[in-house]
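Chemist: Pasting a structure below so you can have a look.
The values are calculated or read from the model by the stated rules, or taken from the named source; none is laboratory data. All values derive from a computational prediction rather than experimental measurement. Note: ideal-geometry Cβ built from the backbone for every residue, glycine included; neighbour counts use all protein chains shown. Keep in mind that these areas ignore ligands, DNA and RNA; they rest on the heavy atoms of the full protein, side chains included. Shrake-Rupley method; radii C 1.70, N 1.55, O 1.52, S 1.80 Å.
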Amino acid sequence: MNYAFEPAPLPAVLIRNDDRKFPVHRIYCVGRNYAAHAREMGATGREAPFFFMKPADAVVAIPPDTTGRIAWPPATVDLHHEVELVVAIGKDGANIDKARAHEHIWGYAIGLDLTRRDLQQAAKDKRHPWEAGKSFDQSAPVGPIHPVATTGLLARGAIWLDVDGQRRQSGDLADLIWSVEEIIAQLSALFELRRGDLIFAGTPEGVGPVNAGQCMDCGIEGLGQMAVCIA
Ligand code: MN
């Protein structure tokens, strides 16, 4: 195949204890999937899950035992952290039954759904789409994927985030409103899932600003920790 110019490199994230990389196809995100976070964003009750996307090349692969560095993104004065469980899809499928959804899970990672909250709020106010708030360059730092063969299916476990050593977010995967398997079933009714897809499963309460020069440490029980600083 001849292209008019050199294609952009394929986005990829790292795999724990594996020299190979995990090529990223798409990044799906779930909105308001913890009750206390839904309340802090002004929603109530168990609404149907809703989804948005980030471009695959918004991903930033954060190596283990290394502090990732993200440049301050343009056009915002209110950058927010959202620590999330990331589910890596390893098998294609559409209209996946919840009972078989686990067969499509390749592994799990820690992720940050970085958000330009001021631009997202402006979009919400105008009933505009969320891309400017959510889908900017480097908005998706992701740690190494832990294969499900080594972790087992994750249904509970602490998820937390500190900014400069202060605990900001603290939750448990058991408190997801929609389980990972339910998310896979519902998402695959809207889009054919492909291996290489990443799903950000939603953030617990405590989202807030992270300023230039600050560092985030975050973790999920069973998946270790991830450190990212904002330049
Ligand atoms: Mn999020």
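Chemist: Identify the single condition in (1) more than 23 Å from Thr76 (Cα to Cα); (2) outside any strand (DSSP E or B); (3) open to solvent by less than 20 Å² (accessible area, probe 1.4 Å) that Thr150 does not satisfy, given that it satisfies every other one.
Modeler: Status for Thr150: all satisfied but (3).
Chemist: Which residues, counting only those in region 165-178, are away from the ligand (no atom under 16 Å from the Cβ) and within 15 Å of the chain's Cα centre (by Cα)?
Modeler: none
Chemist: Looking only at region 84-107, count how many residues are in contact with a strand residue (DSSP E or B) (Cβ under 8 Å, 6 or more places away or on another chain) and either more than 16 Å from the ligand (Cβ to nearest atom) or assigned to a loop (DSSP other than H, G, I, E, B) (or both).
Modeler: 12
Chemist: Moving on to the next point. In region 128-142, which residues are over 9 Å from Lys54 (Cβ atoms), within 16 Å of the ligand (Cβ to nearest atom) and assigned to a loop (DSSP other than H, G, I, E, B)?
Modeler: Residues satisfying the conditions are Pro129, Trp130, Gln138.
Chemist: Is it the case that Glu47 is of a type outside the set (Lys, Arg), within 16 Å of the ligand (Cβ to nearest atom) and under 23 Å from Ile183 (Cβ atoms)?
Modeler: The answer is yes for Glu47.
Chemist: Continuing with this model, one more query. Taking region 16-58 as the search range and keeping residues that are in contact (Cβ under 8 Å) with a residue 60 or more places away in the chain and of a type in the set (Val, Ile, Thr), which one is surrounded by the fewest Cβ atoms within 10 Å (Cβ to Cβ)?
Modeler: Selected residue: Val24.
Chemist: Let me ask something additional. Is it fair to say Phe191 is farther than 23 Å from His37 by Cβ and either in contact (Cβ under 8 Å) with a residue 40 or more places away in the chain or within 15 Å of the chain's Cα centre (by Cα) (or both)?
Modeler: Considered against the rule, which asks whether it is farther than 23 Å from His37 by Cβ and either in contact (Cβ under 8 Å) with a residue 40 or more places away in the chain or within 15 Å of the chain's Cα centre (by Cα) (or both), Phe191 comes out as yes.
Chemist: So which residues in region 187-213 are within 16 Å of the ligand (Cβ to nearest atom) and outside any loop (DSSP other than H, G, I, E, B), if there are any at all?
Modeler: Listed by number, the residues that qualify are Leu187, Leu198, Ile199, Phe200, Gly208, Pro209.
Chemist: For the structure I just gave you, tell me whether Ala158 is away from the ligand (no atom under 16 Å from the Cβ) and either under 17 Å from the mean Cα position of the chain (by Cα) or open to solvent by less than 10 Å² (accessible area, probe 1.4 Å) (or both).
Modeler: Yes; evaluated as a whole, the condition is true for this residue.
Chemist: On the given criteria, is Ala132 exposed (fewer than 15 other Cβ atoms within 10 Å of the Cβ) and over 19 Å from Ile15 (Cα atoms)?
Modeler: So Ala132 does not fit the description; no.
Chemist: Anything in region 95-121 that is within 19 Å of Cys29 (Cβ to Cβ) and out of contact with any Lys or Arg (no Cβ under 9 Å at 6 or more places or on another chain)? List them, or say none.
Modeler: Ile96, Ala101, Tyr108, Ile110, Gly111, Leu112, Arg117, Asp118, Gln121
Chemist: Go through (1) within 16 Å of the ligand (Cβ to nearest atom); (2) part of a loop (DSSP other than H, G, I, E, B) and name the single condition Glu6 misses.
Modeler: With respect to (1) within 16 Å of the ligand (Cβ to nearest atom); (2) part of a loop (DSSP other than H, G, I, E, B), Glu6 is out only on (1).
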